[in-house]
1. Residues that are at pLDDT 95 or above and under 26 Å from T206 (Cα atoms): find the strands (runs of 3 or more DSSP E) completely inside the range 39-105 holding 1 or more of those.
2. Name the residue that is surrounded by the most Cβ atoms within 10 Å (Cβ to Cβ), counting only residues in the range 18-30 that are in contact (Cβ under 8 Å) with a residue 12 or more places away in the chain and more than 16 Å from the chain's Cα centre (by Cα).
3. What single numbered condition from (1) without any contact (Cβ under 8 Å) to a residue 60 or more places away in the chain; (2) more than 23 Å from the chain's Cα centre (by Cα) fails to hold for I266?
4. Taking into account only those residues within the range 191-207 that are open to solvent by 10 Å² or more (accessible area, probe 1.4 Å) and part of a strand (DSSP E or B), which is farthest from K88 (Cα to Cα)?
5. Go over the candidates V268, V281 one by one and state the one that is at pLDDT below 90, part of a strand (DSSP E or B), of a type outside the set (D, E, K, R) and open to solvent by less than 100 Å² (accessible area, probe 1.4 Å).
6. Considering only the range 31-50, state which residues are closer than 21 Å to N219 by Cβ and under 14 Å from the mean Cα position of the chain (by Cα).
7. Looking at the range 166-187, I want the residues that are more than 10 Å from F105 (Cβ to Cβ) and have a partner that is in a helix (DSSP H, G or I) and at pLDDT 95 or above with Cβ atoms under 8 Å, at least 6 apart or on another chain. Which pairs are those?
8. Considering every residue within the range 250-263, establish whether at least one is at pLDDT 85 or above and under 29 Å from the mean Cα position of the chain (by Cα).
Amino acid sequence: MLGFVGLNKPSGLTSHDCISRLRKLFKFKKIGHGGTLDPSATGVLPIAIGKATRLIPFLPKNKAYKATIIFGLKTRTDDLEGEIIRVKSGIGLTLEDVKSLLNNFIGNIEQIPPLYSAIQKNGKRLYFSAREGEKVDIPSRTVRIDTIKILDWHPGEFPELTINIQCGSGTYIRSLARDLGEKLGIGGTLAKLVRTKSCGIILPDTSTLERISKQFKYNEFTLIKPEYLLKELPSLKLSSKESMCWCQGQKILINIPKLELFSKFIRVKNEEEFLGIGCYVSDGKDDFLKPKVVIKEIL
């Protein structure tokens, strides 16, 4: 098996739970995912099957989410799964108040991940440290948020804001909810999260675990071909002889028409199929295509 699955992850399962279920269904061990979702979150969970797991680093990085934030509540986990540690009335908070602050979260911003997260520090995941009561100094990191679009607003004691977010990899929407609530002075927590895009897969193109199981049972299940998700990368077609050498780990002498292509990752194929990922290298005199990830073995 080689390819990708666009899974619509249900609430209540961890990303690892989903992997375990697919391993049992396919009777295949080499399965991984492209980006963890919290157990309570739903939506796009990209799954790589077989050698496609080696292609995950080359998939598109941009992600998109639909999120609902409740103001007036602060929790230990920055979502409704955690203990409420502060309550403050949101009566009087207006949508204009929120709009005036949203631009502070657009672009490259500094963000502190939630204490209860899968990030590792000193070889230990933060949620393990948090559960054991350890005090952990969580460093901030730079993330990118491209757009925030307001979808819905409900004022009241605990106002609710629903937004669409387009962002880069590593962005925590729980942290966004927490930080926006802090700037408003009443606290905020994530109430609902749906990932609508990840690794080039959009929500309408995903399937549930139940649907995948049924399709697999009746031999109707098909994987997403790697080339479909890697289409943003430039491509290069090799001859039969070049393909054989390249797939055996040899770099291929080539002519590069544009200097800016140096060191970029390239989709490599022959007349019939996708072979893997290569990159351009130069010895100062000649230019070569060097294997990075070889998917197809040609003997």
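The values are calculated or read from the model by the stated rules, or taken from the named source; none is laboratory data. Remember, predicted model here, so these are calculated numbers, not experimental data. We place every Cβ from the backbone using ideal geometry, glycine too, and count neighbours over all the protein chains shown. Quick note on the areas: whole protein, heavy atoms, side chains included, nothing else; ligands and nucleic acids left out. Shrake-Rupley method; radii C 1.70, N 1.55, O 1.52, S 1.80 Å.
1. Working: elements: 42-49, 63-71, 73-75, 84-87.
Counting at least 1 such residues, we get 42-49, 63-71.
2. Filtering the range 18-30 for residues in contact (Cβ under 8 Å) with a residue 12 or more places away in the chain gives 18-19, 21-22, 25-26, 28, 30.
Still in the running and more than 16 Å from the chain's Cα centre (by Cα): 21-22, 25-26, 28, 30.
Values: R21: 16, L22: 20, L25: 15, F26: 17, F28: 12, K30: 15.
Restricting to residues being in contact (Cβ under 8 Å) with a residue 12 or more places away in the chain and more than 16 Å from the chain's Cα centre (by Cα), the top hit is L22.
3. (2)
4. Filtering the range 191-207 for residues that are open to solvent by 10 Å² or more (accessible area, probe 1.4 Å) and part of a strand (DSSP E or B), the one farthest from K88 (Cα to Cα) comes out as S207.
5. Values: V268 fails: at pLDDT below 90.
Only one candidate passes the filter, namely V281.
6. If we filter the range 31-50 for residues that are closer than 21 Å to N219 by Cβ, which is where we start, we get 31, 47, 49-50.
Correct list: I47 only.
7. L184/D97; L184/V98; L184/L101; G187/R178; G187/G181
8. Residues of the range 250-263 at pLDDT 85 or above: 250-253.
Then keep just the ones that are under 29 Å from the mean Cα position of the chain (by Cα); that gives none.
Looking for residues that are at pLDDT 85 or above and under 29 Å from the mean Cα position of the chain (by Cα), one finds none in the range 250-263, hence no.
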